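Notes to accompany the following structure.
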Amino acid sequence: MHIGTVRSALFNYLWAKHNRGTFLVRIEDTDTQRNRPEWTQMIWDDFAWCGLVPDKKYIQSEHIARHQALLEQLVREGKAYLSREPSKNEPGKEVEVVRLKNAGKRVSFDDLIRGEIVFDTAELGDFVIARSLISHVIRGEDILSSTPRQILIQEALGIPRPIYAHLPLILSADRKKLSKRQHVVSLAEYRDEGFLPEAIINYLALLGWNPGTSEEHFSLSELVERFSFEGVQKSGAIFDRTKLLSVNQHWMRALSDDDFIARGNFGAPDAEKLKKAVPLLKERAHTFAEARELLSGELSGLFSAPALDPAKLTAKELPERPRMTKTALETLQEAVK
């Protein structure tokens, strides 16, 4: 799952739980070529790892009959029409689509973060086509341009309009959108590096949201208690890996020694020696990957006796040492005269 998707899901979760609502996740899986069951399961696994467990799961493909009935209703009421058009995927073939009749009116809505937003829908034309029982839609600002289309569909179907909130994008240090080619953007990669879910959630919450305090470290339950949209900024949030490492180290240090060992995936070294090494690992490592590297590198001597060269331990070198020490002392005396 993209780290930006995790942040959007987190803000949805915080808002829902803060208001004692329902956290619902919808999976768009109707495109069978781009979606597979195992990929959907990976999404659920990522949510579980972060502690963002949905109260309800809405799988789009399980409601196709309902969608079809709504399309037929729109056509029957003259609010939409069938159109045969050239296929974008198969040259030389035609496909049948349903287009919404767009009156080209101005659409305005109040965004919880950006205030009133106005669109002139005339430029949308009759677009290819809703959603009910949803009170709030919280998502990235990159989907803002889709909102007027959805509002027109909601109005055509007589569906109550939800409240929208469009979150600022997560940007790189050069203020550009995070790129898969240049940045680590997958939650799985951070998990494999040894980041804790507590740290990921803590840090992502602070990307674009100000808790109104100098505190920086919050558990998920504390975030739920404090969250409000008044603290969410409009401008893009800069992703700072150094800051994330610092937050992760905080949560690693907060673990008991036993939990640190259990969650560190250290293999099977000597348990007693490993436990003695934990304070040093907490002091120096920012991720569990770094902790494992320390154990196999600089701290490897804790688990094996050092290799000694017997030839260098023979007494034949000892007579030279008093003479070398005397020479060194004489040199120092000359230097301080």
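The values are calculated or read from the model by the stated rules, or taken from the named source; none is laboratory data. The model shown is predicted, which means the values in this text are computed figures rather than measured ones. All Cβ positions, glycine included, derive from the backbone under ideal geometry; neighbour counts span all protein chains shown.
Brief remarks follow.
- Among the residues of segment 10-53, those identified as in contact with a helix residue (DSSP H, G or I) (Cβ under 9 Å, 6 or more places away or on another chain), closer than 16 Å to Glu225 by Cα and outside any helix (DSSP H, G or I) are Gly21, Thr22, Phe23, Gly51, Leu52.
- Counting only residues that are assigned to a loop (DSSP other than H, G, I, E, B) and within 21 Å of Leu112 (Cα to Cα), segment 185-212 holds 6 of them.
- The one condition in (1) among the hydroxyl-bearing types (Ser, Thr, Tyr); (2) farther than 30 Å from Arg191 by Cβ; (3) in a helix (DSSP H, G or I) that Thr5 fails to fulfil: (2)
Yes or no, residue by residue, for (1) surrounded by 19 or more Cβ atoms within 10 Å (Cβ to Cβ); (2) closer than 30 Å to Ser172 by Cα; (3) in contact with a strand residue (DSSP E or B) (Cβ under 7 Å, 6 or more places away or on another chain); (4) not aromatic (Phe, Trp, Tyr):
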{"position": "Ser246", "(1), (2), (3), (4)": "no, yes, no, yes"}
{"position": "Arg253", "(1), (2), (3), (4)": "no, yes, no, yes"}
{"position": "Phe260", "(1), (2), (3), (4)": "yes, no, no, no"}
{"position": "Arg263", "(1), (2), (3), (4)": "no, yes, no, yes"}
{"position": "Asp270", "(1), (2), (3), (4)": "no, no, no, yes"}
{"position": "Arg284", "(1), (2), (3), (4)": "no, yes, no, yes"}
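- Scan of segment 30-69 for residues that are under 21 Å from the mean Cα position of the chain (by Cα), at pLDDT below 90 and either closer than 22 Å to Val98 by Cα or of a type in the set (Asp, Glu) (or both), ordered by number: Glu38
- The residues of segment 236-247 that are over 12 Å from Arg284 (Cα atoms) and either in a helix (DSSP H, G or I) or among the aromatic types (Phe, Trp, Tyr) (or both), listed by number, are Phe239, Arg241, Thr242, Lys243, Leu244, Val247.
- Residue that is farthest from Leu74 (Cα to Cα) [pool: residues in segment 151-177 that are in contact with a helix residue (DSSP H, G or I) (Cβ under 7 Å, 6 or more places away or on another chain) and modelled with pLDDT of 90 or more]: Ile170
- When segment 65-97 is filtered for residues that are more than 27 Å from Ile163 (Cβ to Cβ) and either β-branched (Val, Ile, Thr) or assigned to a loop (DSSP other than H, G, I, E, B) (or both), the ones remaining, listed by number, are Val75, Gly78, Ser87, Lys88, Asn89, Glu90, Pro91, Gly92, Lys93, Val95, Val97.
- Just one of (1) under 24 Å from Ile138 (Cβ atoms); (2) small (Gly, Ala, Ser); (3) over 15 Å from the mean Cα position of the chain (by Cα) fails for Ala254. It is (1).
- For Ala103, the test of being among the small types (Gly, Ala, Ser) and either under 24 Å from the mean Cα position of the chain (by Cα) or not in a loop (DSSP other than H, G, I, E, B) (or both) is failed.
- Within segment 135-179, considering residues that are among the hydrophobic types (A, V, I, L, M, F, W, C) and in a helix (DSSP H, G or I), the one nearest to Val25 (Cα to Cα): Ile143
- Residues in segment 191-200 include at least one that is of a type in the set (Phe, Trp, Tyr) and under 24 Å from Asn248 (Cβ atoms).
- In the set (1) of a type outside the set (Lys, Arg); (2) in contact with a Ser or Thr (Cβ under 9 Å, 6 or more places away or on another chain); (3) surrounded by 12 or more Cβ atoms within 10 Å (Cβ to Cβ); (4) modelled with pLDDT of 85 or more, Glu116 fails one condition alone, (3).
- Among the residues of segment 37-55, some residue qualifies, meaning at least one is exposed (fewer than 13 other Cβ atoms within 10 Å of the Cβ) and of a type in the set (Val, Ile, Thr).
- Qualifying residues in segment 119-135 (those that are buried (at least 16 other Cβ atoms within 10 Å of the Cβ) and at pLDDT 85 or above) - the one nearest to the chain's Cα centre (by Cα): Phe119
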